[in-house]
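Working notes for the structure below.
The values are calculated or read from the model by the stated rules, or taken from the named source; none is laboratory data. The shown structure was predicted, so the numbers you read here are calculated from the model rather than taken from an experiment. No Cβ is skipped: glycine too gets one built from the backbone with ideal geometry, and neighbour counts run over all protein chains shown.
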Amino acid sequence: MDLQGKTALVTGGAKRVGRAIVLGLAEAGCNLVLHYNTSLEEAAATAGEARALGAEVVLVEADLGEDAAKAVAGAADLAPVQILINSAAVFPTDRLLDLSPDTFDETLAVNLRAPILLTVAFARALPEDLEGAVVNLTDWRNHRPYGIHFSYTISKGGIDTFTIAAAEALAPRIRVNALSLGAILPPVGRTSQYLKELAKEIPVAHVGGTEPVVEGVLFLLRNDFVTGEIVRIDGGAHLR
């Protein structure tokens with residue numbers, strides 16, 4: 001896919017990894033539908049940076065756990081949307097034996113149900129004569145589960161399965177892939193020292209930062225012969 005002039009919807013695009021993807025797509029020539037939930041100030045700042053790179057940007061506020069399709073509907077001014085990046089996620093701390101049904105439901109609503117419903121709305125809205133591409137963000141720890149993030153792990157495991165199933169269901173017009181992320185940024189509330197300690201356990205001996213994620217997104221969007229893939233960007237952490 002030639003990215004120049006295409007419109008991309010990025011969920012959770014106001015800050016952290018989502019922000020980096022928004023700016024990377026803007027630099028590649030895309031126009032942006034930047035979704036946010038409560039981070040209006042950060043979203044406006046990111047939109048300003050993207051516009052400075054030459055992109056047209058529309059801000060869309062939506063609680064994905066309540067109304068995921070609103071994000072697609074809000075893209076009308078920049079339609080048609082040909083790229084969907086499912087980046088938004090929540091990361092609660094919980095264990096299986098202490099599971100709260102409310103936390104479990106809320107996590108799956110944002111991390112799994114919303115990307116599925118967004119992809120459905122995206123596919124239905126895409127004109128039949130155009131190609132599309134979806135990139136989901138998931139987690140390499142799905143195959144070595146966190147002990148204290150049970151709901152999150154289940155939701156991201158579902159994204160892995162959804163990526164493969166959707167790639168088959170939407171082929172050949174829409175390609176669906178995923179990036180399985182490792183240590184990219186410190187979790188909210190943690191400092192960079194946390195990642196420095198974590199880097200000692202990673203074969204490449206350093207954390208990723210957002211640049212490898214952006215490069216992975218651009219690769220998956222541009223390569224028209226890749227679909228149904230889950231690409232690990234984890235510095236080799238899965239090897240240990």
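Counting residues in region 69-88 that are farther than 22 Å from ALA183 by Cβ, of a type in the set (Asp, Glu) and touching a residue at least 24 places away in the same chain (Cβ under 8 Å) gives zero.
Within region 203-233, being free of Cβ contacts under 8 Å to residues at least 40 places away in the same chain, touching a helix residue (DSSP H, G or I) at 6+ places or on another chain (Cβ under 8 Å) and crowded, with 18+ Cβ neighbours inside 10 Å holds for one residue alone: VAL207. Could you say whether any residue in region 76-95 is within 16 Å of the chain's Cα centre (by Cα), assigned to a helix (DSSP H, G or I), modelled with pLDDT of 95 or more and small (Gly, Ala, Ser)? No, there is no match, as no residue in region 76-95 is within 16 Å of the chain's Cα centre (by Cα), assigned to a helix (DSSP H, G or I), modelled with pLDDT of 95 or more and small (Gly, Ala, Ser). Within the set GLY48, GLY12, GLY54, the sole residue that is more than 16 Å from ALA114 (Cβ to Cβ) and assigned to a loop (DSSP other than H, G, I, E, B) turns out to be GLY54.
Go through region 152-165 and give me each residue that's closer than 15 Å to VAL226 by Cα and either of a type in the set (A, V, I, L, M) or modelled with pLDDT under 95 (or both). Walk me through how you get there before you give the answer.
Residues of region 152-165 closer than 15 Å to VAL226 by Cα: 163-165.
ILE164, ALA165 - these are the residues of region 152-165 that are closer than 15 Å to VAL226 by Cα and either of a type in the set (A, V, I, L, M) or modelled with pLDDT under 95 (or both).
Only one of these is touching a Ser or Thr at 6+ places or on another chain (Cβ under 8 Å) and either of a type in the set (Lys, Arg) or within 19 Å of ALA69 (Cα to Cα) (or both): VAL120, VAL90. Name it.
When all the criteria are applied, what remains is VAL90.
Against the numbered list (1) assigned to a helix (DSSP H, G or I); (2) in contact (Cβ under 8 Å) with a residue 60 or more places away in the chain; (3) not β-branched (Val, Ile, Thr), PRO187 comes up short only at (1).
Here the condition is being in a loop (DSSP other than H, G, I, E, B) and touching a Ser or Thr at 6+ places or on another chain (Cβ under 9 Å); of LEU108, LEU64, it holds for LEU64 alone. Residues satisfying the criterion are present in region 166-187 (criterion: modelled with pLDDT of 95 or more, more than 17 Å from the chain's Cα centre (by Cα) and surrounded by 19 or more Cβ atoms within 10 Å (Cβ to Cβ)). Might you check whether a residue that is assigned to a loop (DSSP other than H, G, I, E, B) and among the aromatic types (Phe, Trp, Tyr) occurs anywhere in region 142-157? So far as region 142-157 goes, yes, one or more of its residues are assigned to a loop (DSSP other than H, G, I, E, B) and among the aromatic types (Phe, Trp, Tyr). Condition check for ARG175 on (1) outside any helix (DSSP H, G or I); (2) farther than 25 Å from ILE83 by Cα; (3) charged (D, E, K, R): one failure, at (2).
Consider region 190-240 and keep the residues that are part of a helix (DSSP H, G or I) and among the charged types (D, E, K, R). The one that is nearest to GLY18 (Cα to Cα) is GLU211. Scan region 193-200 and tell me whether some residue there is basic (Lys, Arg), under 21 Å from ALA62 (Cα atoms) and surrounded by fewer than 21 Cβ atoms within 10 Å (Cβ to Cβ). Checked against the condition, which is being basic (Lys, Arg), under 21 Å from ALA62 (Cα atoms) and surrounded by fewer than 21 Cβ atoms within 10 Å (Cβ to Cβ), region 193-200 yields no hits at all. Residues that are surrounded by fewer than 24 Cβ atoms within 10 Å (Cβ to Cβ), in contact with a Pro (Cβ under 6 Å, 6 or more places away or on another chain) and in contact (Cβ under 8 Å) with a residue 60 or more places away in the chain do not occur anywhere in region 3-15.
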